[in-house]
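The structure under discussion is supplied below as structure tokens; questions concerning it will follow.
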Amino acid sequence: MNIKTTLNYSPNFDSKKRNFKQIKFIIFHYTGMKKESDAIERLTSIESEVSSHYLVKDNGEIVVLVPDSYIAWHAGVSNWKSLNSLNKSSIGIEISNPGHNFSYKKFSKKQIQSIIKLSKFLIKKYSIDPKNILGHSDIAPIRKKDPGEKFPWYYLAKKKVGLWHSLSSRTLKTYRMLKIDPISKKYFFTNLSKIGYSLKNPKNIKRDKFFNFLVKAFQRRYRQEQINGIIDKECFLISQNIVKKLN
């Protein structure tokens, strides 16, 4: 690797090596713990059964936890397009941040620069498509909020890491909280499916509640100023724009 890293290997990975051609996704997470030292301990403890391939510390230091050639345990129960359990086809990157339960904060400049360096390295090495750079909440919207609405998706997209819409923020604001008709709402969910979000409603959760989680996941990714689970005209226009970019 031509970027500076330190090693702190985790025991939490599948023992069988995978073919590098399997690697199609990068999944971003935040650690969601009060202290960085506690997060490192959890990610490297055999009892936790949790890991990722990389950890980006508060100071921007990149720690290798699991080599890319092994499947790390970071995504859990997850879905994207027709895929289930994205561990086997992804690289997991944890970023030190206390998360929504412990005074969620902005990611540091040093962290963001390290995220860009590491992501660009992985994108080049594994020919990862921008549309396959995702957050944990994208692939597990019921269970997860990370990396959250403070994650700099727009800035990363400008640096060619992931996707963002091409609509003017000033123009979009005029459509915020404007109601949409039932047909547009239906098209919105069709757009989510085309983007990759799974519309399969788990049996243990009511459909309306599931859709609320799904909309919030979309908002945390593409409309970060307001996370309310309500589909308005702004959300609809963003979804249309993203679909066009994918075609």
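It is to be established whether one or more residues within the range 175-187 are out of contact with any strand residue (DSSP E or B) (no Cβ under 7 Å at 6 or more places or on another chain), at pLDDT below 95 and either surrounded by 14 or more Cβ atoms within 10 Å (Cβ to Cβ) or more than 12 Å from residue 238 (Cβ to Cβ) (or both).
First, the residues of the range 175-187 that are out of contact with any strand residue (DSSP E or B) (no Cβ under 7 Å at 6 or more places or on another chain): 175-187.
Subset that is at pLDDT below 95: none.
No - not one qualifying residue is present in the range 175-187.
I've got another one for you. Is it true that some residue in the range 167-179 is among the β-branched types (Val, Ile, Thr) and over 20 Å from residue 92 (Cβ atoms)? Steps first, answer last, please.
First, pick out the residues of the range 167-179 that are among the β-branched types (Val, Ile, Thr): 171, 174.
When the remaining residues are screened for being over 20 Å from residue 92 (Cβ atoms), the result is 171, 174.
Yes, that holds for at least one residue.
Could you please find all residues in the range 226-247 being over 15 Å from residue 197 (Cβ atoms) and over 17 Å from the mean Cα position of the chain (by Cα)?
Residues satisfying the conditions are 226, 228, 230, 232, 233, 234, 237, 241, 244, 245, 247.
Does the range 127-145 hold any residues that are of a type outside the set (Asp, Glu) and surrounded by fewer than 18 Cβ atoms within 10 Å (Cβ to Cβ), and which are they? Give the derivation first.
Looking only at the range 127-145, we keep the residues that are of a type outside the set (Asp, Glu), and these are 127-128, 130-137, 139-145.
Once the filter is applied, which keeps residues that are of a type outside the set (Asp, Glu) and surrounded by fewer than 18 Cβ atoms within 10 Å (Cβ to Cβ), the range 127-145 yields 127, 130, 131, 142, 143.
Determine the pairs where a residue that is under 17 Å from residue 134 (Cβ atoms) and of a type in the set (S, T, N, Q), located within the range 56-78, has a partner that is modelled with pLDDT of 95 or more and crowded, with 24+ Cβ neighbours inside 10 Å with Cβ atoms under 7 Å apart, the partner being 6 or more residues away or on another chain.
78/86; 78/139
Only one of 242, 195, 231 is touching a Lys or Arg at 6+ places or on another chain (Cβ under 6 Å), surrounded by 17 or more Cβ atoms within 10 Å (Cβ to Cβ), among the hydrophobic types (A, V, I, L, M, F, W, C) and at pLDDT 95 or above. Can you tell me which?
Exactly one of 242, 195, 231 is touching a Lys or Arg at 6+ places or on another chain (Cβ under 6 Å), surrounded by 17 or more Cβ atoms within 10 Å (Cβ to Cβ), among the hydrophobic types (A, V, I, L, M, F, W, C) and at pLDDT 95 or above, namely 231.
Also: For the range 168-185, how many residues meet the condition of being part of a helix (DSSP H, G or I), of a type in the set (Lys, Arg) and closer than 18 Å to residue 224 by Cα? Break it down into steps so the answer makes sense when it comes.
Of the residues in the range 168-185, the ones part of a helix (DSSP H, G or I) are 169-173, 182-185.
Then drop every residue that is not of a type in the set (Lys, Arg), which leaves 170, 173, 185.
Filter once more, keeping what is closer than 18 Å to residue 224 by Cα: 170, 173.
Residues in the range 168-185 being part of a helix (DSSP H, G or I), of a type in the set (Lys, Arg) and closer than 18 Å to residue 224 by Cα: 2 in total.
The values are calculated or read from the model by the stated rules, or taken from the named source; none is laboratory data. From a predicted model like this one, the values you see are computed outputs, not experimental measurements. Neighbour counts are summed over all protein chains in view; Cβ atoms, including those assigned to glycine, are modelled from backbone coordinates with ideal geometry.
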